Each structure stands twice: as structure tokens, then as C-alpha cells.
Amino acid sequence: GYDVLLGSIAAFYVFMAPYTKVEESFNVQAMHDILYNRHHLDKYDHLEFPGVVPRTFIGSLLVSIFASPFVVLGSLLKWPKIYSLYLVRLVLGCIILFTLRCFRIQIWKKFGPQVEAFFVILTSLQFHLLFYCTRPLPNIFALGLVNLAYGYWFEQRFYAALRSLVFATLIFRCDILLLIAPLGLILLLSGSISLPKAVVSCAAASLLSIGLTTTIDSVLWRKLLWPELEVFWFNSVLNRSSEWGTHPFHWYFTSALPRTLVSAYPLFLVGLILDQRVRQYAAPVISFVLLYSKLPHKELRFIISSIPIFNLSAAVAATRIYNNRKKRFWRILYVLMLGSFLISLGCTAVTLMASHDNYPGGRALKSLHEIGGHLSNKSEELWVHIDTFSAMNGISRFCEHPDPWRY
């Protein structure tokens, strides 16, 4: 039931806001090319529009493999390509929510069914995690591996957790290194892992990860390439990411997390006080956000991997308040908590309405297709120029129509 609830909400967001933004453009176009151009690499979008830094094809390839049978069926039935955009996003959402399920099962085993229930409730009431889980960002591909790492960590499979984070770091998001470092240090100081075995385990995972990404991406980019190394050099060494805007050090804690967690934000802080186990699990994640705060350029998606742990802490607090709701002081907290849930629901509804109208390029192209539909019987081609703003705000190859349309 929890899987159906979370999956239904995520799917609803897909249908309400199907288009994608510029940050998702590489993986969206890559999935289109893998599904429709296949081995014809000359037609791949990234060779003509490579972007600021190269990205890996591994995530797009994985999603495309799962989506390909349905896309082939859609092609036989002559469905519009936009249906394939819905499909690949739904497939990605299923993958991410499956990894979240793996983490949630460990929450149930370690903290009990009530904490798991409140974890699901809080996740459902928040907008961003379920909205982003279907969006093909490198951060979201990394989130799937981080969710698995959290599950392994709770299961006390510490080396498997570290290997998952290494894989996420070297293939999808180099900044997950800021999560490996504090987690590895805590595991080492607590005696949960030995340094020699950890080094061997992480080195083997590193060699496998680098070998996989360089092999696949060098072929598709047509040059010897390790994408995340170039991303690390561009963002961290050259600090070029600040060209896209900066925020103060405290921005994640005073703006991004309150807007994302909403009612879970004060509950998260209460959970840290009430349960020592929560402090143990939250410490490396809070350190991750603090370390990331040093970088001037900040976006919510950069720290989205921290949200599941923050929700866990909030769920622990909500469970304690619920179980003690008949006592006088706790009854007041219980009423305040229910009120905050309603506020979260209202904030989610407002944010969804804003997101629905936040892709003017995609909606404009859809309107143009509808206007020009009566011309499609003519023999001449219908040419459409896609400018920068439109390409950044909703238009992708999945939005294109077949002949006589040309883009």
C-alpha cells in the first residue's frame, strides 16, 4: 500500500508537469537517442549540443533498457513521442522508489511499523522528493544509490554501503564524496569497519566504476572520457559553478530544507533530541549538508540525498508525539503536528500549481502543433525554430512530431 501511495503521487506529478528543464536536458535527450536513434551515433543530440560539462550515459541507458519494450510497442501503434517521455520518467520513478522501499524496509525493521508509516506520510505530504524522483537529473540517479547505501547501513552491511556511495560518486555525482567522508569516518571510529578492508573494498568499487563509465562514455562521446572527473574539475577545482549564482553559507538550513521538509523540519530537530539512534544516523548527513554549504553555488537538488534521513528523524518524533497524545503536554504537540501536516499539504498544492505552469517552452510547442495540425496534409515541410529560452524551459526531442515537421 505504501508503494502504491508514493508511486501514485509521483505519477500524478509526471502527468501534471511532463516537460523537463535545462538541468535535465542531457539525460532526456540521451534517452531519446538511445530509444529512437539506437546505434546511429551521428544523430545523437550531445554531439551537436555537448553542454557545459559532459555527463555519463549509464543512467539513461539503464532507464532506456527498461522502457524500450513499451517504446517499441508505442512505435508500432504510432503513438506520439511525448508518450515516451511520460514512460521514461515513470520508469525512472519506479527505480528510485524501489530503492527508497529498500531503505524503508530497514526503517521498519529498526524503528518499527509506526515510524515507517509516518515516514511515508511525511514523504507524501512533501512536494520535492516525489516530484524530483521522476526527473532524469544526475542527482536523482545518485539518489537511488544513496538510498541503497542507507539501507545497507541500517542493515549493518557497511562495506556494501560504502561501495554504493563510491559508485554514485564516480559515475553520477562527484559531490557524494562529501557524504562518504563523514560516514566512513564515523564507521571507522566506531569500529564498524577496518581501514585495510575498507580501502580494498572501496578501491575495487572505484576500479569497477571508473572502468564502466570510461568504457561506455568514451564510446558514446567519441573520445577518452571520465565524465565526473571533468565535472569535479569544473565545479570544485575551477569553482565555475558559481557563475550560475551564489547563496550564503546558511541557505540550505534557512531556505532549502524548510521549504522542502515543511512540517518535517521542526519534527526532524525534535527527533534528534528524542532518539540517540537518530543522532547517530543523522550526523554524517548533517555533515554532508554543512560541507556542501561551503560551495557558493547552491541548489536543492544538490542535497536531495539528505531528505530521506531527515524524514526518518521527523518520523521518529511524530511517532513519539502520536503515542503520547493522550497526555496533556503531548496533546498540544499532537494538535500542532496535525496542523503542520495540513500546512505541508497546502504548500505542496501551491508548489504543484506553480510547477504546472513553469514549462512555457513545452506548452508553446504543444500549442503550435495543435495550430499547425490542419497543415500537416500539405507536402511542404513545416519548420520550427527552437530558441534558447524554449529549449531551457520544456522542449526536448520527445516533444517533436514526425514529418512534415522539422526542428
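The values are calculated or read from the model by the stated rules, or taken from the named source; none is laboratory data. Please read these numbers as outputs of a predicted model, since none were measured by experiment. Reconstructed Cβ throughout: ideal geometry from the backbone, glycine too, with neighbour counts over all protein chains shown. Quick note on the areas: whole protein, heavy atoms, side chains included, nothing else; ligands and nucleic acids left out. Shrake-Rupley method; radii C 1.70, N 1.55, O 1.52, S 1.80 Å.
Some observations on this one:
- Note on the chain: GNM, Cα springs under 10 Å; of S293, S192, S390, the largest mean-square fluctuation is that of S192.
- Mean-square fluctuations from a GNM of the chain, with a 10 angstrom spring cutoff on Cα atoms, peak among M392, M353, M31 at M353.
- For R320, the accessible surface of its heavy atoms amounts to roughly 90 Å² (probe 1.4 Å, protein chains only, rounded to the nearest 10).
- Among the listed pairs K21/K43; K109/K298; K21/K109; K109/K326; K110/K327, those with a Cα-Cα distance over 30 Å are K109/K298; K21/K109.
- Dipole of segment 2-357 computed with +1 at Lys/Arg Cβ and -1 at Asp/Glu Cβ about the Cα centre; of L342, L224, L148, farthest Cα towards the positive end is L342.
- 0 to 90° range, to nearest 10: angle between helix 276-292 axis and the chain longest Cα axis: 40
- Along the axis of the charge dipole computed for segment 2-357 (Cβ charges of +1 for Lys and Arg, -1 for Asp and Glu, origin at the Cα centre), the listed residues V120, I9, W330 are led at the positive end by W330.
- Using Cβ point charges alone (K and R +1, D and E -1), the dipole size of segment 265-407 about the Cα centre works out to roughly 1360 debye.
- According to the calculation over all Cα-Cα pairs in segment 262-355, the P(r) per 5 Å bin from zero is 3, 13, 19, 20, 17, 15, 9, 4, 1, 0 %.
- I96 accessible area, 1.4 Å probe, all protein chains in place, Å² to nearest 10: 10
- Cα-centre dipole for segment 152-260 with unit charges at Cβ (Lys and Arg positive, Asp and Glu negative), debye to 20: 120
- Cα gyration tensor shape of segment 199-243, rounded if a/c is under 1.5, else prolate or oblate by comparing a/b with b/c: oblate
- Sorting K326, K21 by solvent-accessible area of protein heavy atoms yields K326, K21, largest first, with a 1.4 Å probe.
- Computed over protein heavy atoms with a 1.4 Å probe, the accessible surface of the chain works out to 47 Å² per residue.
- Extension gain, E243 back to W330 (0.36 nm per residue minus Cα-Cα distance, nm): 26.5 nm
- Rounded to the nearest angstrom and listed largest first, the equivalent-ellipsoid semi-axes of segment 1-85 from its Cα gyration tensor are 24, 18, 12.
- Across q = 0.09, 0.13, 0.14 Å⁻¹, segment 2-357 modelled as identical point scatterers on its alpha-carbon atoms has Debye log10 I(q)/I(0) values of -0.51, -1.08, -1.24, in the order of the q list.
- Total formal charge among the other residues, if their Cβ is under 11 angstrom from that of C399, Lys/Arg +1 and Asp/Glu -1: +3
- Using alpha-carbon coordinates, inclination of helix 138-154 to the longest axis of the chain, degrees: 30
- Estimated dipole of segment 2-357 in Debye, rounded to 20 [Cβ of Lys and Arg +1, of Asp and Glu -1, Cα centre]: 1180
- Relative to the current alpha-carbon distance between L291 and D42, full extension at 0.36 nm per residue lengthens the span by 85.5 nm.
- Placing unit charges on each Cβ (+1 for Lys and Arg, -1 for Asp and Glu) gives the chain a dipole about its Cα centre, and among A67, A364, I303 the Cα reaching farthest toward its positive end belongs to I303.
- Long-range amide H partners of W405 with built H, under 5 Å: L382
- Mean separation of Cα contacts under 8 Å (6+ apart) over length of segment 103-228, as relative contact order %: 20
- By accessible area, using a 1.4 Å probe on protein heavy atoms only, the chain has 67% of its surface on carbon and sulfur.
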